[in-house]
Every structure is written in C-alpha cells, then in structure tokens.
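Engineer: Take a look at the following structure, please.
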Amino acid sequence: MSKRQEMREKRARQERTQRILLIVGVSVIAIAVALLLILPSFKPVGAIVEHQIMNRPQVKFNAMGDPNAPVKIIEYSDFQCPYCGKFTTDTEQQLIDAYVATGKVYFEYHSFGEFIGVESVRAAEAAYCAGDQEKFWEVHDLIFANQNGENQGTFSDKYLSALAAKAGVDMATFNDCFNNGKYADQVKQDGVEAAQSGIQSTPSFLINGKLFEGAQPFAAFQAEIDPLLK
C-alpha cells in the first residue's frame with residue numbers, strides 16, 4: 001500500500017470517528033433535553049396544607065358581599081406575597097364578619113399581574129379558573145395556606161392543579177381553562193389597573209377609591225371604613 005493510500009485511509013477513519021462522536025453527542029444532548037422535559041411530570045406533588053374554610057357571604061367569582069353596599073374594597077394582591085397571606089389569615093375573616101356579612105362592604109380580589117414572578121401569574125390564573133365554578137375563594141385560601149417562598153417553584157402548574165382538585169373543582173373544566181390560558185389577559189390587566197391606581201406594593205386596597213396599603217390590623221381597617229358608613 002502506498003503512502004498516499006495510507007494517508008487517505010487514515011483521514012477516512014478519522015472522519016468516520018468524528019461522525020460517530022458527533023452522532024453520539026447529539027443523541028446524548030437530545031436524551032438530556034427529553035429527560036428535563038419529562039421528569040417534572042413524574043415529580044410527586046408536595047403535601048397540601050389544610051386551611052380553615054372562611055364563611056364568605058354572597059360569593060360571585062372573585063367578589064363577596066352585597067354589590068350595593070356603601071363601601072367597596074378592591075384588594076390588589078400577589079399569591080406569592082407573605083404579607084398578603086398574613087392579611088388573609090389574620091384580618092380577612094374579621095372584615096367579613098363585621099362588614100361584608102352585614103351588608104356594609106362589598107369586597108373584590110384582584111391579582112397584581114407578574115408583580116413577584118411567573119408563579120404569581122399562574123397562581124392567579126388558577127384561582128380565576130376555579131372562579132368559573134364559584135370556587136375562587138376556596139383555591140385562594142389553599143394557595144395562601146401553601147406558600148413556600150417566592151419564585152422557588154412551589155406553585156408549579158401541577159401543584160396548582162392539585163390545589164384546585166383539593167378545592168373540589170371539576171378538573172376537566174378547570175384544565176381546559178388553565179391549560180389554555182383563559183385568564184392570562186385578565187391577570188395582565190390586573191397589573192395594569194393596579195399601576196394606574198398608584199399601587200406599588202402588596203397587599204394594597206382601594207377603599208371607595210382611596211389607597212390603603214399593607215397587611216394592617218383590623219383596627220386600621222375599621223378606622224378607614226367606619227367614617228364612610230356615617
């Protein structure tokens with residue numbers, strides 16, 4: 001065999017080796033990507049913390065109380081916000097008992113768009129989808145009861161669906177809403193309206209249009225609401 005033929009065969013072997021290595025490398029990357037996409041679906045859903053069911057009167061989607069009440073409160077909140085959770089657990093039931101149940105206050109919950117992160121958006125969409133079945137407040141309470149840090153992956157779509165199932169929604173109807181982003185535009189609009197109202201933090205409230213900020217104690221709400229009722 002001539003020297004030239006040896007060189008030619010050597011180059012051919014090198015090219016075959018390079019092609020094989022390239023194919024193997026591409027295959028490994030493809031398998032890794034597939035595993036990244038598939039494995040989350042097999043990850044078990046975390047435990048769901050139970051919560052005390054609040055007694056809310058005249059529930060309609062994301063609102064409660066008499067629409068003709070003399071005082072209207074609009075809350076702008078974020079499901080990942082710990083202070084929003086604090087308001088829900090510490091103060092909201094007192095407001096309901098003293099004002100909403102007595103026909104004095106009409107109360108609406110709105111998200112604040114992507115204020116803290118994408119998980120905030122998906123959590124709000126999940127609650128709104130549950131609202132189609134008049135289960136907004138049940139999912140609202142479950143989400144807040146199961147907070148676990150901000151943007152930590154807690155409120156994955158799978159976990160939010162599990163919370164909705166726990167609340168007793170029809171899952172076929174919920175999944176059609178949630179998976180197709182029915183309320184994605186609504187959540188964005190919530191954020192726009194909050195910004196237009198001068199809201200910069202959560203939770204914030206508009207009490208007959210006046211901005212009231214923070215997870216303040218019941219007495220602070222009383223001081224704002226009672227003069228409006230006189």
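Engineer: Translational diffusion coefficient, Stokes-Einstein: compute it for the stretch 88-162 using the Kirkwood radius over C-alpha pairs as Rh, at 20 °C and 1.002 mPa s, and state it as an integer in µm² s⁻¹.
Structural biologist: This corresponds to a translational diffusion coefficient of 159 µm²/s.
Engineer: Running Debye on the stretch 63-229 with equal point scatterers at the Cα sites and no solvent, what base-10 log of I(q)/I(0) appears at q = 0.13, 0.16, 0.19 Å⁻¹?
Structural biologist: -0.60, -0.90, -1.24
Engineer: Add +1 for every Lys or Arg and -1 for every Asp or Glu among the other residues with Cβ under 14 Å from the Cβ of residue 219, and state the total. Write down the numbers at each step before the final one.
Structural biologist: Values: positive: none; negative: 90, 224, 226.
Neighbour charge sum, excluding residue 219 itself: -3.
Engineer: Which pairs break 22 Å Cα to Cα here: 104/230; 104/188; 86/182; 135/158? List each step's numbers first, then the result.
Structural biologist: Values: 104/230 11 Å; 104/188 30 Å; 86/182 29 Å; 135/158 18 Å.
From 104/230; 104/188; 86/182; 135/158, over 22 Å: 104/188; 86/182.
Engineer: Treating each Cα of the stretch 127-192 as an identical point scatterer and ignoring solvent, apply the Debye formula and state log10 I(q)/I(0) at q = 0.11 Å⁻¹.
Structural biologist: Once normalised to I(0) and log-transformed, intensities are -0.24.
Engineer: Tally Lys/Arg at +1 and Asp/Glu at -1 over every other residue whose Cβ is under 14 Å from the Cβ of residue 132; what's the total?
Structural biologist: Working: positive: 60, 135, 182; negative: 125, 134, 138, 170, 176.
Result for the local shell: -2.
Engineer: Sorted from largest down, give the three principal axis spans of the alpha carbons of the stretch 158-230, whole angstrom values.
Structural biologist: Principal-axis extents of the stretch 158-230 (Cα, largest first): 47, 27, 21 Å.
Engineer: For 23, 207, 225, what's the fewest-to-most ordering of other Cβ within 10 Å of each Cβ? Working shown, then result.
Structural biologist: Numbers: 23 10, 207 17, 225 20.
Taking fewest neighbouring Cβ atoms as first place, the list is 23, 207, 225.
Coordinate-derived values only; no laboratory data. Because the structure is a prediction, the values reported are computed rather than measured. Methodologically, a virtual Cβ is constructed for each residue, glycine included, from the backbone with ideal geometry; neighbour enumeration extends over all protein chains shown.
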